[in-house]
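Shown next, in structure tokens, is the structure this report addresses.
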Amino acid sequence: MRRNKLLFAGAVAALASLSIPLSGAQVAPPETVETAQLPTDAFSIGALEPSEGALPGALWSGSNPQTLDFLLSHAPSRPASPSLGLAMRRTLLSPGAKPQGADASLGGKKLLALAKAGFIDEARTIASLATVGRNDLYVAEAEATLSLLGGDADAACRRGASLNGGREALFWVRLRAFCYARAGELDAFDLTVNLLRERGALASADEALFFSMLSKTPPKSIPSIETALQYAAFKEAGLEIAPGHLSQAQGGVLAAIAADSAARPALRIEAAEQAAAMGVLAPAVLKRLFNEIEFEVSDMGAATDVAAARPNDPMTDALLYQSIAAMNAPEFVRDKAMRIALALSRADSFHRAYALSQVYADDINALEGVLVTSEEAGAFALAMMATGDSVGAGRWLSAMIGENESVAALPEDLGMAFIDRVNLLALLDPQTAARIARSAGVSLLSEEGPQSATLPAHGDPAVTARILEAAFDAVDGDKVGQAGLAALAASAGGSSASGEVESVIVSEGLRAAGMPELRRRNTFERAWAASFATMAPVADDAAETAQTPEERGFVPRLKPQKS
């Protein structure tokens, strides 16, 4: 849009310079058109318009560059909830002039935070538009990380080899070890690995994967994947990635696997659903992935039976989705409602439940007015809460009660489910929840719903203290972007201790950043996610991958892409 304004201004000026005689008319000179210089640094460049949730253009005004640098260094690479992923998107993808005194490294750290979290395409776009700071070490690290996530290890190794300085930073030393291992340069590899070991920076996962690459044999114990470098090492070593290896994977790794057409469909679905539940992958991407998979006709006809037999298999999500999409005739609307509720009930984890709620949101909205059972209405109410639609959730909760005077008329298990859901709704919309609770003859646990689980604390109290200081400064100085970054940094704790201070910083930081709706959604999501902690554990995913296609029950294939 900004480029269009500049082109328009230029066109006006060109027309004004033409001498065109007009009979009896005087041509007034054109009004002065103010133009703004387009930003050239990665930190200032954005990818969102105000209609897409962009924060105010002065979001970084008055902030100290050192404070922002610290907060970006502690930005989450695995957003703790979908709403926090959305908050990260709005904060880091909003265009706005960098604060006075900021250098290119601030843009590099922004790109790196986006890439690690899973906003891969957005980070690539911003990097391509930036014309200053290309030699900055953090910009280079972000570019190498994006290359690794995109499967271009050659480009990442070339980027490391082209550095003029800063080669002893740990990222580049690890990258050199990776590049030497894939090239079979044993002496250089040994020297680099010993350097990492001497510095206490050789992670056991990195060591196992590097030596597996070099020896062309799998390690005795295959580690989980966390970073882009480990993901690339997995692929270079020829190791098969299983869903069980993704428990600590950064959002960027999950997004990369979801987009990898060479990966197994079940793995791509698992990665995509996890990324969706971090707020870094759009529901439309997951829908396209579901549609790409091709099933046998017999499996499509027996979709509900397959789902019942294999409730924990992510492939059943795609199977049920396709079978539901085929029910497009009006006479199938009742069966469609029943099958959507079945698909939602298959979710055995928060990330799966959230992702499926997003996938079926439009279908559920289209069912308004259709007669459904109380069980189905309860499932639809929870799905609407997941999308942030408290009004829609309220309608479905009312449908659970139906024509009954109160919740007492429902069977005990449904009555308890209704009470649980109306209390969850109170976290999103206390007024709507209170109205529905009164009409059903139940009392809410509190005016603000059930207590949500606190976030993990940071392992270093000094980090928490500095984030808290930055949050106070942001609130006092009306520094919108800094408030959002403080909330994100507070959410990235990884210790086993309860982070009560961190949870308060997240809540108040989102409020001060002008994202109160995400504050409410984050509270709801944490409470909902806590309910899955009491569910029985599912079968080991890694063991399941050793089964043959016949043992898995159906043979999925990817549909050929249209040319």
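The values are calculated or read from the model by the stated rules, or taken from the named source; none is laboratory data. Note that the coordinates shown come from a computational prediction; the quantities given were computed from them, not determined experimentally. Glycine gets a Cβ as well: all are built from the backbone with ideal geometry, and neighbour counts include every protein chain shown. Accessible surface is based on the protein model in full, side chains and every heavy atom, while ligands, DNA and RNA are left aside. Shrake-Rupley method; radii C 1.70, N 1.55, O 1.52, S 1.80 Å.
Need the full-extension length gain, residue 439 to residue 531, defined as separation in residues times 0.36 nm minus the C-alpha distance. One decimal, nm.
Details: separation 92, 0.36 × 92 = 33.12 nm, distance 2.55 nm.
Once the chain is fully extended between residue 439 and residue 531, it gains 30.6 nm.
Only Cα pairs under 8 Å and at least 6 apart count here; give the relative contact order of the stretch 282-423 as a rounded whole percent.
Answer for the stretch 282-423 is 18 percent.
Given the peptides 257-270, 211-224, 104-117, arrange them by the average over their residues of other C-beta atoms within 10 Å, most packed first.
104-117, 257-270, 211-224
Gain in length, residue 194 to residue 468, computed as 0.36 nm per residue apart minus the alpha-carbon separation, to one decimal in nm?
Going from the current span to full extension adds 94.8 nm.
Could you give the dipole magnitude of the stretch 68-254 about its Cα centre, charging the beta-carbon of Lys and Arg +1 and that of Asp and Glu -1, in debye to the nearest 20?
380 debye
For the chain, what does the relative contact order come out to in percent, with C-alpha contacts under 8 Å and a separation of six or more?
Averaging sequence separation for qualifying contacts and normalising by length gives 15 percent for the chain.
How large is ³J(HN,Hα) for each residue in the stretch 277-287, as worked out from phi by the Karplus curve 6.51 cos²θ - 1.76 cosθ + 1.60 (θ = phi - 60°), to whole Hz, x for Gly and Pro?
6, 9, x, 10, 9, 6, x, 4, 5, 5, 4
Let's test the formula: R0 of 25 Å, r as the Cβ-Cβ distance of residue 240 and residue 154. What FRET efficiency results, to the nearest 0.05? Display every interim value, and only then the final one.
Values: r = 23 Å, r/R0 = 0.90.
The calculated FRET efficiency here is 0.65.
Extending each Cα 7 Å along its Cβ direction at residue 370 and residue 409, get the distance between those two points in nm, one decimal.
With each label point 7 Å from Cα toward Cβ, the separation is 2.4 nm.
Please state the relative contact order of the stretch 68-254 as a whole percent: Cα pairs under 8 Å, 6+ residues apart?
Normalised by residue count, the contact order of the stretch 68-254 is 21 percent.
For 432, 454, give me the order by solvent-accessible area with a 1.4 Å probe, most accessible first, ignoring ligands, DNA and RNA.
Details: 432 20, 454 60 Å².
If we order 432, 454 from most to least accessible, we get 454, 432.
Quick check: pseudo-label points 7 Å beyond the Cα along Cα→Cβ at residue 129 and residue 495, how many nm apart are they?
3.9 nm
Which peptide among 368-379, 404-415 comes first, and what is the full order, when sorted by highest mean count of other Cβ atoms within 10 Å? Please report the intermediate quantities before stating the final value.
Details: 368-379: 18.0, 404-415: 13.8.
Highest mean packing first, the order is 368-379, 404-415.
With the other protein chains left in place, how much accessible area per residue, in square angstrom, belongs to the chain at a 1.4 angstrom probe?
47 Å²
Pull up all non-local amide H partners of residue 499: gap of 5 or more, or a different chain, and H-to-H distance under 5 Å with H placed in the peptide plane.
Here 455, 457 satisfy the definition.
Would you mind computing, in nm to one decimal, how far apart the modelled labels at residue 312 and residue 162 are, each placed 7 Å from Cα along Cα→Cβ?
4.7 nm
Quick check: the distance between the Cα centres of the stretch 262-319 and the stretch 491-511, to the nearest angstrom?
The stretch 262-319 and the stretch 491-511 have Cα centres separated by 33 Å.
For residue 293, list long-range residues whose amide hydrogen, built 1.01 Å from N in the peptide plane, is under 5 Å from its own amide hydrogen.
559
Using each residue's phi in the stretch 110-116, evaluate 6.51 cos²θ - 1.76 cosθ + 1.60 at θ = phi - 60° and report the 3J(HN,Hα) Karplus result to the nearest Hz, with x for Gly and Pro.
Result, rounded to whole Hz: 5, 4, 5, 4, 5, 5, 4.
Give me the number: length gained by fully extending residue 329 to residue 262, i.e. 0.36 nm times residue separation minus the C-alpha to C-alpha distance, one decimal in nm.
That pair, residue 329 and residue 262, stretches by 20.6 nm at full extension.
Could you run the Karplus curve 6.51 cos²θ - 1.76 cosθ + 1.60 with θ = phi - 60° over the stretch 289-297 and give me ³J(HN,Hα) per residue in whole Hz, x for Gly and Pro?
These are the phi-based 3J(HN,Hα) values: 5, 4, 6, 5, 7, 10, 10, 5, 4 Hz.
Counting only protein heavy atoms, what percent of the accessible surface of the chain is carbon or sulfur at a 1.4 Å probe?
Taking all protein chains in place, the chain shows 53 percent carbon and sulfur surface.
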